[in-house]
Every structure is written in C-alpha cells, then in structure tokens.
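The values are calculated or read from the model by the stated rules, or taken from the named source; none is laboratory data. It should be emphasised that the depicted structure is a prediction, and the values quoted were computed from it without experimental measurement. Ideal geometry is used to build each Cβ from the backbone, glycine not excepted, and the neighbour counts take in all protein chains shown. Only protein heavy atoms, including side chains, enter the accessible area calculation; ligands, DNA and RNA are left aside. Shrake-Rupley method; radii C 1.70, N 1.55, O 1.52, S 1.80 Å.
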Amino acid sequence: FLVSERHAGSHSLWKSYLDILPKSYTCPVCLEPEVVDLLPGPLRAKAEEQRARVQDLFASSRDFFSTLQPLFAESVDSIFSYHAFLWAWCTVNTRAVYLKSRRQECLSSEPDTCALAPFLDLLNHSPHVQVKAAFNEKTRCYEIRTASRCRKHQEAFICYGPHDNQRLLLEYGFVAFGNPHACVPVSGEMLLKYLPPADKQVHKKLSILEDHGFTGNLTFGWDGPSWRLLTALKLLCLEAERFTSWKKVLIGDVISDRNEKASLGVAQKICSDFIAEIHSELRKVSDMKERKGSLISQLCLVEALRMEELRILQASAEILSSSLAPLS
C-alpha cells in the first residue's frame, strides 16, 4: 500500500501523510554493512537476523507483486524494488500500532493487527514518561493517556516501552540519551573467559544456571551489575567445599566474604574489559568518520550508542570499586 501510494505521487489521497514520512531510515537493516560491523556483538547479530528476514519477505512477496502489474503502466519490478520495499517495511515497523481487524478475504490469512495512525507520528518517544495506549472499542478511537505531568505549551511525549538503547536502535533507529532502561548485555559464554580453567565443577555450575534461567538477561546498568549477573558470577565462583550451597546462592544468600569478593572481582574485570573494547571501537568510528564522509550520520548513531554504553560501564565500575573496598 505504501509503495503504491508513494508511486502515485500527487494523485494519492495519502500524499500529505507520505510527505511527512522520512525519505530514509536509520534502523540497522538500512545501515551499510561496514557500519553494522561496528555495532556491539549482540545487536550486530540481531541486525543481521533482521536483514535476512526482510530480504526473505521481499523474495517471497515478488510473486504477489507481479499480480499487480495490470494496475500500473510501469514495470512492477521497478516500482516494488527492494529499496522501496525496505522503506515501506521500516515505515510500518517504526510506526505501526496494535489494532485487531477483521480478516479480509483478498488479503493474507495471517492475523491483521497492524495499523498506521498518522497523527501519532507527532508524538516522540521519551523513556521518562508513562502512558497507556490502546484502541478504545467503545469510542472507536485510539487513545493515549499519560500518567506523567505535561505543562501547557510543552511537548507531549509517549513511551514506546521500557526498551534499552540496543532495542530502540534495532526497531526504531535512534538512541535515547540518559535512558534509565539502557544496559550493556553480557553473554553467558563470555563469563567462561574469566573463570579459573582448573575448576572441575564449571560444567555442573553452568548446567545449574541454564536449568534455572540464569544464562540470559545478564547486564550492566546505571546502578551497576544486575542481580542476575552477580548471582550467576557468585555461583560460578563458588568454592568446591561450598558447592552444596548453590541453592542458597540462587535465592540471594551471602555464602562467604571470599565468594563475594571473587564474584565482584570478576564483574569488575568484565566491566574493565568492556570499557577498553568500547574505547577501541570509538577510535574505529572516529577513523571511519574521517575516511567515509557519506556515512557520517550512520556513524554518529553508532557513536551515540557506544558513548551511552561507556557511561553506563563507567558508572558500574565506580559502584563495583565501592563494593569491593570493604572486602579488601
């Protein structure tokens, strides 16, 4: 619909709306591969998965596009190009709201729950506000109610959800500064790099963590390492003679000062290595900005994400240092 209406130009009833839509997007699926390579590992993997999904969707839709040829004087291959399809996909992905509709016989058998509401594009995201947004079946209106105060003549914001910056960049193409939900993820595999190789119980410990859901959602945040990350580290640092206490670790009990110090020390080492890695990546971004002027806007986006993560890690490093001081 979006591609065909944009192709109609001044003849489209939706011209006023189409004119205010971005001409291009900054979601990772639209970034140059060399810029995507500068993204943090977890986000880079998700960006590559997203790109593959969009390309598969385009390929599987081409037969349908060909059936529309009688509607156009030009070739549908030129109208429904991958570039046009990607623009339309990003428009929907960054702007659609949930609206359950009755299935139309001529359309896909999949549930139709996406709607574009042009007026909502006037409302920008802020991670600091709370809103309730949904379609009201009684009034037949899409309603947004804010729980945060907004002064007269000030901009009214909405919140897309409690998303961290990697999620915001992946789905919406921007980074929120000072985002309270921002964090730096730590993969379960990464923890192994920091453990003593002689630990004969490491595989058993990993199995316990996996069985109890402690191998995912491990993060550093503005208030330091998450409880889940510290808990996973405490279990992995558990002394052999105290291994039978692993259940107590998972519910948050303190096992020993030695265990507390060891787990905080590993967290500090991971945080320090992350900081060094980000400094290295920022140098790469700076170097590419000098060599690739055409990619400045994309590189600035990566730089903003990395700088926010650097600030989070620096805050975490200070908290860890303070936590370790009494145990030294």
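Some observations on this one:
- By accessible area, using a 1.4 Å probe on protein heavy atoms only, segment 1-172 has 53% of its surface on carbon and sulfur.
- Net lengthening on full extension, residue 192/residue 7 (0.36 nm per residue, minus Cα-Cα): 61.2 nm
- Under a model in which nothing but the beta-carbon of Lys, Arg (+1) and Asp, Glu (-1) is charged, segment 1-130 shows a dipole of about 380 debye around its Cα centre.
- Against the main long axis of the alpha-carbon atoms of the chain, helix 82-95 sits at an angle near 70°.
- Its Cα gyration tensor gives segment 1-172 an equivalent ellipsoid, and the semi-axes of that ellipsoid, as √(5λ) in whole Å with the largest first, are 29, 23, 16.
- Gaussian network model of the chain, Cα within-10 Å springs - most flexible of 152, 261, 23: 152
- A 1.4 Å probe run over the protein chains yields, for segment 164-245, 49 Å² of accessible area per residue, whole-number rounding.
- Helix 41-66 axis, angle to the chain major axis (alpha carbon atoms, nearest 10°): 20 degrees
- Against the chain, whose longest principal axis comes from its Cα atoms, helix 227-236 is set at around 50 degrees.
- Segment 1-172: relative contact order as a whole-number percent, Cα under 8 Å and 6+ apart: 21 percent
- From the largest down, the chain spans 77, 51, 43 angstrom on the principal axes of its Cα atoms.
- Annotation: lysines with alpha-carbon distance below 17 angstrom to residue 284 (same-chain offsets under eight excluded): 292.
- Residue 150-residue 71 FRET efficiency (beta carbon distance; Förster radius 51 Å; 0.05 resolution): 0.70
- On the principal axes of its alpha carbon atoms, segment 250-309 extends 55, 19, 12 Å, with the longest extent given first.
- Value of relative contact order over segment 184-324, rounded to a whole percent, pairs C-alpha under 8 Å and six or more apart: 29 percent
- Residue 296-residue 138 FRET efficiency (beta carbon distance; Förster radius 56 Å; 0.05 resolution): 0.70
- DSSP bridge analysis restricted to the chain gives an antiparallel fraction near 85%, rounded to the nearest 5.
- GNM result for the chain, Cα springs below 10 Å: residue of 206, 99, 122 fluctuating most strongly: 122
- As a length-normalised measure over Cα pairs under 8 Å and 6 or more apart, the relative contact order of the chain settles at 15 percent.
- Distant alpha-carbon pairs in segment 160-276 (separation over 18 angstrom), percent: 53 percent
- Taking amide hydrogens as placed 1.01 Å from N in the peptide plane, the amide H of residue 115 sits under 5 Å from those of 97, 99, each at least 5 positions away in sequence or on another chain.
- Overall form of segment 277-327 per C-alpha gyration tensor (a/c, 1.5; a/b vs b/c): prolate
- Overall, segment 184-324 carries a charge dipole of about 200 debye about its Cα centre when +1 sits on the Cβ of Lys and Arg and -1 on the Cβ of Asp and Glu, all other atoms neutral.
- Under conditions of 10 °C and 1.306 mPa s, segment 1-77 yields 106 µm² s⁻¹ as its translational diffusion coefficient, taking Rh as the Kirkwood radius over Cα pairs in the Stokes-Einstein equation.
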